[in-house]
Amino acid sequence: MAGSPCNGDIGEALERGTAEATHWIQSSRLMVEPGAGTASDENYEKWPVLTLGAVRSAEDADPNQRDRVFALAITRTMQNAP
């Protein structure tokens, strides 16, 4: 999901048969089990802080200065938020 915008003109890259990576895609997993641990309702207000911590952890794992892309996938319905 995060990689699509990094490719620029994907049609041109397909025609050339090559693409140049100008950004790094990094991933962190916050919620392992739905409704438990960090995903539990009592931690709902902590999710922004947990997200920031996950981004910092990914950046700390690779301290090189580079452009990065992060995707934040929310798989919980917010219609009945806690």
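The values are calculated or read from the model by the stated rules, or taken from the named source; none is laboratory data. Computed from a prediction, not measured in an experiment: that's the story for all the values here. With ideal geometry, Cβ positions are generated from the backbone for all residues, glycine too; neighbour counts draw on all protein chains shown. With ligands, DNA and RNA removed, areas are computed over all heavy atoms of the protein, side chains included. Shrake-Rupley method; radii C 1.70, N 1.55, O 1.52, S 1.80 Å.
With the highest mean first, a sort of the peptides 57-65, 40-48 on other beta-carbon atoms found within 10 angstrom per residue produces 40-48, 57-65. Put 49, 55 in order of accessible area, highest first, and with a 1.4 Å probe you get 49, 55. Within the assembled protein chains, the solvent-accessible surface assigned to residue 50 is about 60 Å², based on a 1.4 Å probe.
Shown is the FRET efficiency for residue 66 and residue 44, computed with R0 = 22 Å from the Cβ-Cβ distance and rounded to the nearest 0.05: 0.10. Spin-label model, residue 25/residue 73: points 7 Å from Cα along the beta carbon direction are separated by 1.0 nm.
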